[in-house]
Each structure stands twice: as structure tokens, then as C-alpha cells.
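Here's the structure, in C-alpha cells; my notes come after.
Read-outs: derived from the displayed coordinates by stated rules, not from any lab. As the structure is a prediction and not an experimental result, all values here were calculated from the model. Every residue, glycine among them, receives a Cβ derived from its backbone with ideal geometry; neighbour counts consider all protein chains shown.
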Amino acid sequence: MDSDKSIIPARTEDLIRQSSKICSPAYSMFLDERQCAEAEKILLCRPDVKYKFWGGYDDAQRKVLCIYTLSGCDYLDELYSEGLTEEIPIKCLTFIYRKSDVLTHRDFLGSLMALRLKRETVGDILVSEGKTQIFATDTASKLICSTVGKIGRTGVKIYDDMPFDTVKVQEFETISGTVASMRADSVLSLALRISREKSAQLIRNTGVQINFIPVFSVSCEMKCKDVFSVKGYGKFIIDEISGISKKGRLHITIKKYK
């Protein structure tokens, strides 16, 4: 599925038609968080369609969309609602290397893209000491396993039959303060540590992604647990709204993803 917003509806409808025609699940390639949000907005208006996003583990950022229509496929509803996702055509690849070799997410992604793989064929890349686990489509997995022996200058061994067990630890920077309201310009002013006037201008000119949907309105009301990002400034989540000051301002806590 393409990242262009105008393409997402068409590709989603294509998956629905495909599933209905063959009475089997239809799968997208890996989608990023914004693409998932755009596709889900469409699917929420289609009560005749069931769907599942899955990236290999519960908190995956990049996910495959599985669509299955109700007609003749009722057993799939139970299958996917119970979390039995083995049928989704992705694999977990485990890269093993010496613990003394320090590799990064960029190292792995660069090596995979050098194979001329499209980014949509590769899901999350989770790096740990001496081991990295990567989710990829079945086709991409075969190519990776048959051609990759090194990441950069580091020799690696690849296994496609090891269980996923890498613990993803997300680190945050905590930002606390008060805002006049939960308007987007007020929240961004605190998060980015800039004036409200500059945050308003930034929203109008560049836009802010709120729950992965582009927003250009400075008066958009935000709420607790909203995830937002601005190009060049990073990604944030409103973690808590904890009270009101004597001057009527809201106490909020924002966490910035590291």
C-alpha cells in the first residue's frame, strides 16, 4: 500500500474486494503507523468487513493489514480475534552476532535496502546485544536468508525458526508544565519549548500528525494519550492531565520518544 493519502482508500477497497472474491484473507504489505490509522478510518465505516493489524508482536509499529469479509469466512473471525496470527504471511528473522559488535537499526535497514527490497516488505527491527530480530514478508525473508551474511562488516547468522523474544524498551524524555488549553498550538508550545505564536505558525505551515493523521488547525483539541509528531522535532505522547492551576491553566505531562 502506498503512503500517499489518496491511494490508501483505493488499496484498502482492493483488499476488501479480493477477500470477498476468494473468501479468504487478503493481506497488505507492512504499513507504518499513519497508514494504519488511515486504513482503519476507512474500515470503521465498513461493518461488513473484519480486519486485523499485526506486526509480529503486540506493540509493533509497522504492521500488515489482514482483511477478511464475513460472508462464508466466519471461522476467521474467531481465529484472528483470539490472536492466532500464524496465517499472516510474515516471518521473524533472528540475526546472531558477537556481543562485542555494536550494530544499529540503521545498519540493518541499510543492508536490507541494499538488496533493493522495498521498505514495505520489512517490519520492525529490534536490536539488542548480540541479537537482532526483524519481521519481514515471506518473500523478503527468503531473499534475506539466502543472500545476507554480513551487516556492514559484521558477520551474522540468520535463523527463521527462532521465537520472537526481544524485549522492546521505549525510552522517553518527560516534559511537564501548564497550558492555557488543550488546543494543538498550546500543547505544541510546551512540547517543543517554543512560543505559542511559533507553534501556531508551524502547524499552519508544516502540520502536526495527531494520532498519525495530518492536522493543520491550531484550534484542534487534543486529549490524554494522543500521540503527535512534527517533522524535525520528534514524536510525543500526552501522558497525563493532572489538574488545574490557580490561574486556570492545565497541568500536563508530555513524554517525548527517544
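In table form, for the structure just shown:
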| read-out | value |
| --- | --- |
| Spatially proximal lysines relative to Lys142 (Cα-Cα < 18 Å; intrachain offsets below 8 disregarded) | Lys91, Lys118, Lys150, Lys157 |
| Leading residue at positive end of dipole, the chain (Cβ point charges), from Gly56, Ala191, Ser24 | Ala191 |
| Spacing of the two label points (7 Å from each Cα toward its C-beta) at Lys168 and Val102, in nm | 2.4 |
| Efficiency of FRET from Cβ geometry, Lys231 and Thr178, R₀ 25 Å, rounded to 0.05 | 0.45 |
| Cα convex hull of the chain - mean projected area over all directions, nm² | 16.4 |
| Estimated FRET transfer efficiency (Ile22, Lys118; beta-carbon r; R0 30 Å; 0.05) | 0.80 |
| Unit charges on C-beta of K, R, D, E only; dipole of the chain, Debye | 1300 |
| Relative contact order %, the chain, counting alpha carbon pairs below 8 Å whose residues are six or more apart | 14 |
| 14 Å beta-carbon shell around Glu173, net charge (K/R +1, D/E -1) | +3 |
| Gyration tensor (alpha-carbon) shape descriptor, segment 164-258, a/c threshold 1.5 | oblate |
| Candidates Leu43, Leu143, Leu93: whichever shows maximal mean-square fluctuation once the chain is modelled as a Gaussian network with Cα springs under 10 Å | Leu143 |
| Helical contribution to [θ] at 222 nm, DSSP H n ≥ 4, -39,500 (n - 2.57), averaged over the chain, rounded to 500 | -8500 deg cm²/dmol |
| Extension gain from Glu129 to Ile241, taking 0.36 nm per residue of separation minus the Cα-Cα distance | 36.7 nm |
| Asp48/Arg153 FRET efficiency (R0 45 Å; Cβ-Cβ; nearest 0.05) | 0.30 |
| Highest-MSF residue in the chain out of Ser141, Ser100, Ser199 [GNM, Cα springs under 10 Å] | Ser100 |
